[in-house]
Amino acid sequence: MTRKLTVAAGVLAAFGFAAAAYAQTAPARPAAAPAAAAPARPTIPPGPMIAGVCAVYQQGVVANSAVGKQVANRLKQLGDAVNAELRTEANAIEAEGRALDAQRTTPTITQEQFEQRQLALQQRLQAFDRKRQQRNRELTATEQKQINRVLTEMQPILAQVYAEKGCGLLLDRTSVLYLNPQMDVTDLVVTKLNAKIQTVGNFEREPDPQATPAAPRPAAPAAAPATPPRR
């Protein structure tokens, strides 16, 4: 009985779902918050302060604030759950691929049955890849929504600090190469944000933004008017 394809080494590897490569194919958990530290730069003596000029590292505020850390922890939980879901399904698919591979050397089914199982496995792989991409979109949408919630809470604080510190110009640290540390208000913003909010509460994975919304149910037909009784 001729087998035309090494399933586990062929189809699975082609789709990138072999166990050895699974870590590369599973959707990476979204970064819950950007790194807190600004890019490293040469250590030089700070220049003079410029009156009315301030700077804040918003990514650092998100990463170091209590609410930002809570969001990061919850996003990690959601990402871990998705990876566990996909890993279980990928392992089952690979086991089926190995079983089909075994049929190449010790056939117990007909060529037609082999091809039917091979086709079913390919369809299963395609469905798995669609789910993997869907979960990745859901996690990305969840991250964006929750980080935006933190940034929204931060905006009034930035305005407050701008006024309190007498800033005529408030810059984002990501656009500044060098800065006198006394002009940096990031720590002050973190302190005020922690005083304002500690958590956004529990949240679940967002729906797939590319999902087609369900069509609305058609309205029930209007009831016919009642016929008046004959006199």
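Some points to look at:
- Filter pass, Val161 being within 27 Å of Ser65 (Cβ to Cβ), in a helix (DSSP H, G or I) and of a type in the set (A, V, I, L, M): yes
- Qualifying position, being at pLDDT 95 or above, assigned to a loop (DSSP other than H, G, I, E, B) and of a type in the set (Val, Ile, Thr), among Thr199, Thr212, Thr152, Thr191: Thr199
- When Leu171, Leu125, Leu188, Leu158 are screened for being closer than 29 Å to Thr88 by Cβ and either surrounded by 15 or more Cβ atoms within 10 Å (Cβ to Cβ) or more than 23 Å from the chain's Cα centre (by Cα) (or both), only Leu125 passes.
- Residue in the range 165-185 that is closer than 30 Å to Val53 by Cβ, hydroxyl-bearing (Ser, Thr, Tyr) and assigned to a loop (DSSP other than H, G, I, E, B) present: yes
- Options Gly79, Gly47; residue that is more than 27 Å from Arg124 (Cα to Cα) and not hydrophobic (A, V, I, L, M, F, W, C): Gly47
- If you go through the range 43-75 and keep only what is hydroxyl-bearing (Ser, Thr, Tyr) and surrounded by fewer than 15 Cβ atoms within 10 Å (Cβ to Cβ), you end up with just Thr43.
The values are calculated or read from the model by the stated rules, or taken from the named source; none is laboratory data. All values derive from a computational prediction rather than experimental measurement. Ideal geometry is used to build each Cβ from the backbone, glycine not excepted, and the neighbour counts take in all protein chains shown.
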